[in-house]
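Inspection log for the structure reproduced underneath, given as structure tokens.
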Amino acid sequence: MADFLNTSLSGLQAAQRALATTSHNIANAATPGFSRQRVDLGTREPEFAGVGYLGTGVEVTDVRRIYDAFLSEEVRAGTAGEARLTVFSDLAGRVGDLLGGASGGLSQGLQGFFDGLQALANDPASTPARQTLLGEAGQLTQRLQTLDGQLASITAEVNGRVDDSVATINSLARAIADVNDQISSAPGAANGNFSSDLLDQRDRLLQQLSEQVEVSTVPAAMGGLNVFIGSGQTLVLGAEAETLGSGAGPFGPGLREVTVGGSVVTGQLRGGTLGGLLDFQREVLEPARNELGRTAVGLTEAFNAQHRQGLDLAGNFGGDFFAVGAPTVYAADSNGGTASLAVTIEAAAGLTGDDYQLQYDGAAYALVNTSSGQPVSLTGTGTPADPLRADGLSIVVSGAAAAGDRFVIQPTREAAADFRRLVDDPEAVAAAFPIRTASSLDNVSDAAISGGELLDVTDPDLLTPVTISFVDPTTFQVNGAGAFAFTAGGDIDINGYRVQITGSPAAGDEFTVSPNSAGVGDNRNAQALLGLREAGILEGGLRSLPEQADSLLASVGGATAAAQTALESQSSLLRSSETALQSVSGVNLEEEAANLLRFQQAYQANARVIQAANETFQSLLAAFN
């Protein structure tokens, strides 16, 4: 009789626990991250009854959650990828809108400036044309300063969002460590029985963590889970959590870094909001500021050089028209020496738009391109007489460097921020060429002299009048002296300029080169300045300024388009992975309703068996009364 009753009681208890689990599933059907649970049943050990074995009922062997680790990892990876691309494409799109805006874009500013030069070339003596040029130059400088300022504002925004993301990661890491501790210290953990609800809670925290940064996990003892970021840096180890930091790096507050355990991991973090912010900063924002600065440097160098070769309305040589910000240098906090760097730009055509790190090993300096990680060929010794030279830069080292000293060099990062116009007086615009050439009216041949080309504007005899007279068709003199062989079309270099005489001069022909003191209507230097629009100024002389602006916009636009395309694909894959995981772990209310009815019937049937056992027992008692 006791076996009869115990068997039915075991069935009643199993059905009761199954009903409780089903009820728990139904109650949490809308709970994010909840994995449905299932009661596993097994037969109890049978008893030998002489003629055979008799069953002793049922027992609950496990209450487990329905979970697929592979799909969960796939969803976490997809979440990290989608979060990264969302942030990246949004911010890159904002930069593209800034640089390509119809009212404030770089290309439009350059076009307006060169249009002003065209107006000056058309009427070099016109004061309104000169004022127009100065106005367009002022607008161009303001435009570059504004663009750089807006990019700097985005930099500050990104830095703030990095700080917020780091704080969120630290909070989630501590929460995961706490859950690890709860799981491992809960009753039954030593036997491998872990709370399904705590496991779900930890998975939800990991999912939230994946929105911030890409993670990898490794199971640990007692149900724990170790969490790693970047290239294997520990974030959570059992019940202990590491703390990420963001702020001043090895080169001071000017260069912010993300650290973990005291090590810089900025370049190793991938995925999530944090990875998207860091990738955007490294791949779009910093290159955009560098290229904007390189544009300002190229324009300043080329325009100033040509402007210095012309004469203004007062007959004076032109001065520098623009000024630009100098290269920025950061010394490592750990430097043990007293060395400091003075970095200048020698040739805009040699600039790459990248940043560098100069390192000293105790015997020699080495330069590394921090964008590519590749070494850069370096010449010179670093003295004022023999500077270190590479990629258009001149580097003079003062003081004594110690082995291991490092310096970060940003050649053009701040160039556009300090880009400005130096000429305010319309009459100071040097539109005229400093010399003029002429053929004597008494010449009898068809020979002609070119307008001249400046070789050295600092030559003290540049404006000294010169007469070239031919003794015979193959020999000429300069100011009545010498006897120089003549070659038609050949270069004749005198007093810092070069002319050519074409045709077949006759004996007695004369040609003069004189200062252009009355060149108010001369537009030759204005034409030369206008010619800078098509001149190769950057990329080793292969890229013009308008091409530079187009290249910058195309680079940002290409990165944005690629990120948006990848985001669409990543979002589709993530939705597919989430659907697959939900089909495995999610609560199906129809299925749970069917289970509820099944377990209810089992409960009622076992209760009926208990009732029958009671009636049988009562009948037996009645037989002895």
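The values are calculated or read from the model by the stated rules, or taken from the named source; none is laboratory data. Given the structure is predicted, the values throughout are model-derived calculations rather than measurements. Here Cβ is always computed from backbone atoms with ideal geometry, including for glycine, and neighbour counts include all displayed protein chains. Accessible surface is based on the protein model in full, side chains and every heavy atom, while ligands, DNA and RNA are left aside. Shrake-Rupley method; radii C 1.70, N 1.55, O 1.52, S 1.80 Å.
Tabulated results
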| item | result |
| --- | --- |
| Pairs with Cβ under 8 Å, 6+ apart, first in the stretch 508-520 and over 16 Å from T464 (Cα atoms) and assigned to a strand (DSSP E or B), second of a type in the set (V, I, T) and open to solvent by 10 Å² or more (accessible area, probe 1.4 Å) | E510/T467 |
| N304 touching a strand residue (DSSP E or B) at 6+ places or on another chain (Cβ under 7 Å) and closer than 21 Å to R421 by Cα | yes |
| Considering residues of the stretch 447-480 that are of a type in the set (G, A, S) and assigned to a loop (DSSP other than H, G, I, E, B) only, the residue most open to solvent (accessible area, probe 1.4 Å) | G480 |
| Unique residue being small (G, A, S), at pLDDT 95 or above and closer than 30 Å to R421 by Cα when the list is G310, G298, G315 | G298 |
| Verdict on G232 being open to solvent by 40 Å² or more (accessible area, probe 1.4 Å) and within 23 Å of the chain's Cα centre (by Cα) | yes |
| Qualifying positions in the stretch 130-140 - open to solvent by 10 Å² or more (accessible area, probe 1.4 Å) and either over 12 Å from F114 (Cα atoms) or among the polar types (S, T, N, Q) (or both) | Q131, T132, G138, Q139 |
| Number of the condition not met by V444 [criteria: (1) surrounded by fewer than 18 Cβ atoms within 10 Å (Cβ to Cβ); (2) without any contact (Cβ under 8 Å) to a residue 12 or more places away in the chain] | (2) |
| Looking only at the stretch 399-431, and only at residues there that are open to solvent by 60 Å² or more (accessible area, probe 1.4 Å), in a strand (DSSP E or B) and touching a helix residue (DSSP H, G or I) at 6+ places or on another chain (Cβ under 9 Å), the one that is farthest from S334 (Cα to Cα) | R421 |
| Inter-residue pairs, beta-carbon under 7 Å, first of a type in the set (S, T, N, Q) and in the stretch 170-182, second open to solvent by 80 Å² or more (accessible area, probe 1.4 Å), 6+ apart | N170/T243 |
| Near pairs, Cβ below 7 angstrom, 6+ apart or cross-chain, from the stretch 580-600 (over 16 Å from A27 (Cα atoms)) to any residue that is in a loop (DSSP other than H, G, I, E, B) and among the charged types (D, E, K, R) | L581/D68; V584/D68 |
| Residue pairs meeting the criteria (Cβ under 9 Å; at least 6 apart or on separate chains; first in contact (Cβ under 8 Å) with a residue 12 or more places away in the chain and of a type in the set (G, A, S), in the stretch 356-369; second surrounded by 18 or more Cβ atoms within 10 Å (Cβ to Cβ) and in a loop (DSSP other than H, G, I, E, B)) | G362/A401; A366/L378 |
| Residue in the stretch 386-398 that is open to solvent by 20 Å² or more (accessible area, probe 1.4 Å) and touching a residue at least 60 places away in the same chain (Cβ under 8 Å) present | no |
| Residues located in the stretch 41-71, provided they are hydroxyl-bearing (S, T, Y) and in a strand (DSSP E or B) | T43, Y53, T61 |
| Conditions (1) closer than 23 Å to L292 by Cα; (2) touching a Phe, Trp or Tyr at 6+ places or on another chain (Cβ under 8 Å): number failed by E414 | (2) |
| Some residue of the stretch 293-306 being under 26 Å from the mean Cα position of the chain (by Cα), of a type in the set (G, A, S) and either surrounded by fewer than 21 Cβ atoms within 10 Å (Cβ to Cβ) or more than 30 Å from L529 (Cα to Cα) (or both) | no |
| Condition check for E59: surrounded by 19 or more Cβ atoms within 10 Å (Cβ to Cβ) and among the acidic types (D, E) | no |
| Per-region count, the stretch 417-473, residues of a type outside the set (V, I, T), farther than 14 Å from R498 by Cβ and touching a Lys or Arg at 6+ places or on another chain (Cβ under 6 Å) | 1 |
| Subset tally (residues that are open to solvent by less than 30 Å² (accessible area, probe 1.4 Å) and part of a loop (DSSP other than H, G, I, E, B)) for the stretch 367-385 | 1 |
| Any hit, the stretch 178-187, residues being out of contact with any Leu (no Cβ under 8 Å at 6 or more places or on another chain) and not in a helix (DSSP H, G or I) | yes |
| Scope the stretch 94-129; condition part of a helix (DSSP H, G or I), in contact (Cβ under 8 Å) with a residue 40 or more places away in the chain and open to solvent by less than 20 Å² (accessible area, probe 1.4 Å); matching residues | V95, G96, L99, L106, L110, F114, L117, L120, A121 |
| Members of the stretch 481-507 found to be open to solvent by less than 50 Å² (accessible area, probe 1.4 Å) and either hydrophobic (A, V, I, L, M, F, W, C) or under 16 Å from A447 (Cβ atoms) (or both), listed by number | F486, G489, G490, I492, I494, V499, Q500, I501, G503, P505, A506 |
| Any hit, the stretch 49-65, residues being closer than 27 Å to L269 by Cα, under 52 Å from the mean Cα position of the chain (by Cα) and not aliphatic (A, V, I, L, M) | no |
| Subset of the stretch 141-159 that is free of Cβ contacts under 8 Å to residues at least 24 places away in the same chain and within 30 Å of G245 (Cβ to Cβ) - its residue that is surrounded by the most Cβ atoms within 10 Å (Cβ to Cβ) | E157 |
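Here is a yes/no grid of residues against (1) assigned to a helix (DSSP H, G or I); (2) of a type outside the set (D, E); (3) open to solvent by less than 60 Å² (accessible area, probe 1.4 Å):
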position	(1), (2), (3)
A526	yes, yes, yes
D550	yes, no, no
A561	yes, yes, yes
L596	yes, yes, no
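One line per residue, one yes/no per condition, for (1) within 30 Å of L553 (Cα to Cα); (2) of a type in the set (S, T, Y); (3) surrounded by fewer than 17 Cβ atoms within 10 Å (Cβ to Cβ):
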residue: V162; (1), (2), (3): yes, no, no
residue: N191; (1), (2), (3): no, no, yes
residue: L205; (1), (2), (3): no, no, no
residue: E211; (1), (2), (3): yes, no, no
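Yes or no, residue by residue, for (1) over 23 Å from A92 (Cβ atoms); (2) open to solvent by less than 70 Å² (accessible area, probe 1.4 Å); (3) of a type in the set (S, T, N, Q):
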position	(1), (2), (3)
P515	yes, yes, no
A554	no, yes, no
S585	yes, yes, yes
Q611	yes, no, yes
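A quick yes/no check of all residues on (1) open to solvent by less than 60 Å² (accessible area, probe 1.4 Å); (2) assigned to a helix (DSSP H, G or I); (3) among the polar types (S, T, N, Q):
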| residue | (1), (2), (3) |
| --- | --- |
| G11 | yes, yes, no |
| R17 | no, yes, no |
| A30 | no, no, no |
| E73 | no, yes, no |
| R84 | yes, yes, no |
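Here's the yes/no breakdown for (1) over 25 Å from L274 (Cβ atoms); (2) of a type in the set (K, R):
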position: R174; (1), (2): no, yes
position: S185; (1), (2): yes, no
position: G192; (1), (2): yes, no
position: L198; (1), (2): yes, no
position: Q212; (1), (2): no, no
position: M222; (1), (2): yes, no
